[in-house]
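For reference, the structure discussed in these notes is given below.
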Amino acid sequence: METAFDMFYETEVPEEELIVSRADFSGKITYVNETFADISGYEPSELIGQPHNVIRHPDMPKSLFTDLWDTIKNGDVWHGYVKNLRKDGGYYWVYARVSTVMKDKKPVEYKSVREPVSREKATEMQDLYDKLRSEEEGTTRVVLYINNDKLKAAQALEE
């Protein structure tokens with residue numbers, strides 16, 4: 001059995017790049033730019049039609065997305081720091097702005113534009129989100145070290 005801990009691998013968003021996507025009112029992706037596909041590890045065709053939460057990292061507090069949806073459904077612009085999940089299990093941090101796209105003065109879909117986040121800000125937000133998840137959801141992020149012999153014994157039981 002081969003085990004990889006890709007969840008610990010961060011992909012940095014290049015300073016000169018913006019990640020752009022659009023979604024319908026139910027949250028299904030209707031458009032992604034190449035930067036979104038590259039950073040998330042997906043092909044554009046794998047993302048189109050999928051719920052935007054396909055990239056939601058489990059470290060993100062649910063209350064953040066409740067606030068996002070409440071804000072954009074009211075026609076306001078939501079902005080905040082988001083840790084996203086890559087297809088390979090890794091992650092990347094962005095500062096996101098989500099707004100309503102208007103056509104002929106009517107809302108037609110949502111647009112999200114995301115930009116890079118400094119390591120210091122990502123660390124600050126990870127600490128805050130860990131605290132929020134613990135308080136709101138009763139969950140705690142844990143990294144566990146286990147004796148190699150015990151791990152091998154557990155793996156042997158799985159086989």
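Within the range 74-116, which residues are hydroxyl-bearing (Ser, Thr, Tyr) and free of Cβ contacts under 8 Å to residues at least 60 places away in the same chain?
Tyr81, Tyr95, Ser99, Thr100
Of everything in the range 49-63, what is within 16 Å of the chain's Cα centre (by Cα) and either aliphatic (A, V, I, L, M) or under 18 Å from Lys111 (Cα atoms) (or both)? Give them in sequence order.
Restricting attention to the range 49-63, the residues satisfying the condition of being within 16 Å of the chain's Cα centre (by Cα) are 50-63.
Of everything in the range 49-63, those that are within 16 Å of the chain's Cα centre (by Cα) and either aliphatic (A, V, I, L, M) or under 18 Å from Lys111 (Cα atoms) (or both) turn out to be Gln50, Pro51, His52, Asn53, Val54, Ile55, Arg56, Met60.
Look at Leu151 and say whether it is surrounded by 11 or more Cβ atoms within 10 Å (Cβ to Cβ) and either in a loop (DSSP other than H, G, I, E, B) or modelled with pLDDT under 95 (or both).
Numbers: surrounded by 11 or more Cβ atoms within 10 Å (Cβ to Cβ): yes; either in a loop (DSSP other than H, G, I, E, B) or modelled with pLDDT under 95 (or both): yes.
Yes, satisfied.
May I ask you to list the residues in the range 136-148 that are over 30 Å from Leu64 (Cβ atoms) and assigned to a helix (DSSP H, G or I)?
Asn148
How many of the residues in the range 117-151 are touching a residue at least 40 places away in the same chain (Cβ under 8 Å) and of a type in the set (Val, Ile, Thr)?
The number of residues fulfilling the criteria is 1.
Does the range 32-70 hold any residues that are exposed (fewer than 13 other Cβ atoms within 10 Å of the Cβ), modelled with pLDDT of 95 or more and either touching a Cys at 6+ places or on another chain (Cβ under 8 Å) or part of a loop (DSSP other than H, G, I, E, B) (or both), and which are they?
Glu43, Gly49
Kindly list the number of the only condition in (1) of a type outside the set (A, V, I, L, M); (2) under 17 Å from the mean Cα position of the chain (by Cα); (3) within 28 Å of Asp38 (Cβ to Cβ); (4) buried (at least 16 other Cβ atoms within 10 Å of the Cβ) that fails for Gly89.
(4)
What number of residues in the range 98-121 are over 24 Å from Glu46 (Cβ atoms) and surrounded by fewer than 19 Cβ atoms within 10 Å (Cβ to Cβ)?
12
The values are calculated or read from the model by the stated rules, or taken from the named source; none is laboratory data. Since the model is a prediction, treat every value here as computed from it, not as a measurement. Neighbour counts run over all protein chains shown; Cβ positions are idealised from the backbone, glycine included.
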